[in-house]
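Written out below as C-alpha cells is the structure these notes cover.
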Amino acid sequence: MATVGSGKFERSTSLLQDALAGRRLPRWGVGAVGLTSLLAAYLLNVLTVVDGVAGTFLVAVLLFVIGQTGWSFTVEGRRHAVDRLATTTVYAAFLIAVTPLVAVLGTVLVKGFPVFSAQFFTTSMRNVSPRSEGGGLYHALIGTLEQVGLAALIGVPIGVLAAVYLVEYAPEAKSRRLSSAISFFVDVMTGVPSVVIGLFIYTAFILTLGLPRSGFAASLALAILMLPVIVRTTEEMLRLVPRDLRESSLALGIPRWKTILKVVLPTALGGIITGAMLSIARVAGETAPLLLTTFLSQSINSNPFKGPQAALPTFIWDQFTSGTDASRARAWGGALTLIVLIMILYAGAKVIARLTGAKKS
C-alpha cells in the first residue's frame, strides 16, 4: 500500500511540475518561424504589391511576430505567448528603427565612395559643366568648415552662458521673468524650421542692414539653429552635477563665479562637448538657410565675410538637381564626405573631452 501510495504521489508531483513548467517551443522553433516569415515575405514581394527591401523586411517582421505569438499561444499558453510577444516587439522595433539608418549609410557609401579621389578633394567646380567628368568639392569643403566653425564660435558660448544662468542663477533670482522668457524662446526655437531662420537673416541683416550674402551671414543662421540644442543639453548636464560639489566649494570661501568656472563646468564638460557636437551635426547638413544667405558658388572663396561661398549642402543640392549622371555621382560623394566630416568632428570632440579630464556623463 505504501508503494502504491508513493507511486501515485510521484505521478501527481510530476504532473504538477509539468503543469507549472508547461510545454515550450523547440529550440529550432524561432529560427524556423523566422525563415518561414522571410520566405513568405519574398513570395508576397513577387506575387503582390509589396515591393522594395524595406517593405519586404517590414512584412517579414510582422509575419514573424504573428507566427511566433500564435504558435507560442497554442503550445506554451497565454503567459509565455504574451512574454514572447513583448520581447519580440521590442527587438522588432529596434530592427525597424535601425534598418533605414543602415540602408541610408550603405547607399551613400556604395554610391559615394567610387567618386573619392585626390582630384575630388583638391579641385572646385569652376569651369566644369554638369555633364563633364572631374571637378570636386574643395570649395564647398572650405566653406562648410568656415561657416560651421564661425557658427560654433558664436553659438556655443552664448548657449553655455544661457544654460549657466538658467541653472545657477535663475532659481535664486527675485524676478524670474528673464529665465521664463529664455526658456520660452528656447522651446520655440527648437521647433522653428530652418528656412524661417534663413528668411530672418536674409530680411534683417541682408535687406535691412545691407550685409552682403556671404559665409558669415550663413554662420549667423546656423548659430541660431544651434542655440536650442546647446542650451538644453548644457542645462541638463549642469543639473547632473552633484550639489555637494557646489556647496563644498562655496563653504571654502570660493566665489560662485569661480566655483562655476573651476568646479561645475569641468565636471559637466563631457556632456557640454557632446551637446555642442550634436548641435554642429544638426546644422552641418542644413541647405535652406544657406540658399538664402550665401547661395551658390563654383569657385574657391576662403573669405567668409565677402561674397557668396559654397558649402557641402548647397554643393550636394546643386549637383543632384543638375540631373546628369556625373553630377549625381558628385552629389553622392559630397553626401559621404559630409557624413565622414561629422564623424571626424564627433570623434575629435570625444578625444578632447578625455584629454581634458572631463567626466563621462
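The values are calculated or read from the model by the stated rules, or taken from the named source; none is laboratory data. Every value quoted in this text rests on a predicted model; they were computed, and no experiment measured them. We place every Cβ from the backbone using ideal geometry, glycine too, and count neighbours over all the protein chains shown.
So the values come out like this:
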read-out	value
Subset tally (residues that are over 24 Å from the mean Cα position of the chain (by Cα) and among the aliphatic types (A, V, I, L, M)) for the range 311-341	2
Which numbered condition R239 fails, given (1) in contact (Cβ under 8 Å) with a residue 24 or more places away in the chain; (2) surrounded by 15 or more Cβ atoms within 10 Å (Cβ to Cβ); (3) in a helix (DSSP H, G or I)	(2)
Listing of helices (runs of 4 or more DSSP H) fully contained in the range 100-203 that carry 1 or more residues being of a type outside the set (S, T, N, Q) and either under 30 Å from I300 (Cβ atoms) or not assigned by TED's automatic domain parsing to the domain that holds L265 (or both)	118-122, 138-164, 194-201
Failed condition for F185, given (1) surrounded by 12 or more Cβ atoms within 10 Å (Cβ to Cβ); (2) in contact (Cβ under 8 Å) with a residue 24 or more places away in the chain	(2)
Residue satisfying condition, being of a type outside the set (S, T, N, Q) and at pLDDT below 85, within set V53, V98	V53
Checking V351 against (1) out of contact with any Gly (no Cβ under 9 Å at 6 or more places or on another chain); (2) surrounded by 17 or more Cβ atoms within 10 Å (Cβ to Cβ), the condition it does not meet	(2)
Subset of the range 285-310 (residues that are closer than 23 Å to I230 by Cα and assigned to a loop (DSSP other than H, G, I, E, B))	G285, E286, T287
Candidates R282, R330 - the one that is of a type outside the set (A, V, I, L, M, F, W, C), surrounded by fewer than 18 Cβ atoms within 10 Å (Cβ to Cβ), in a helix (DSSP H, G or I) and in contact (Cβ under 8 Å) with a residue 24 or more places away in the chain	R282
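Okay, residues lined up against (1) within 30 Å of Q309 (Cα to Cα); (2) out of contact with any Ser or Thr (no Cβ under 9 Å at 6 or more places or on another chain); (3) among the small types (G, A, S); (4) surrounded by 12 or more Cβ atoms within 10 Å (Cβ to Cβ):
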position: S179; (1), (2), (3), (4): no, yes, yes, yes
position: V192; (1), (2), (3), (4): yes, yes, no, yes
position: Y202; (1), (2), (3), (4): yes, no, no, yes
position: L207; (1), (2), (3), (4): yes, yes, no, no
position: P212; (1), (2), (3), (4): yes, yes, no, yes
position: A218; (1), (2), (3), (4): yes, no, yes, yes
position: S249; (1), (2), (3), (4): no, no, yes, yes
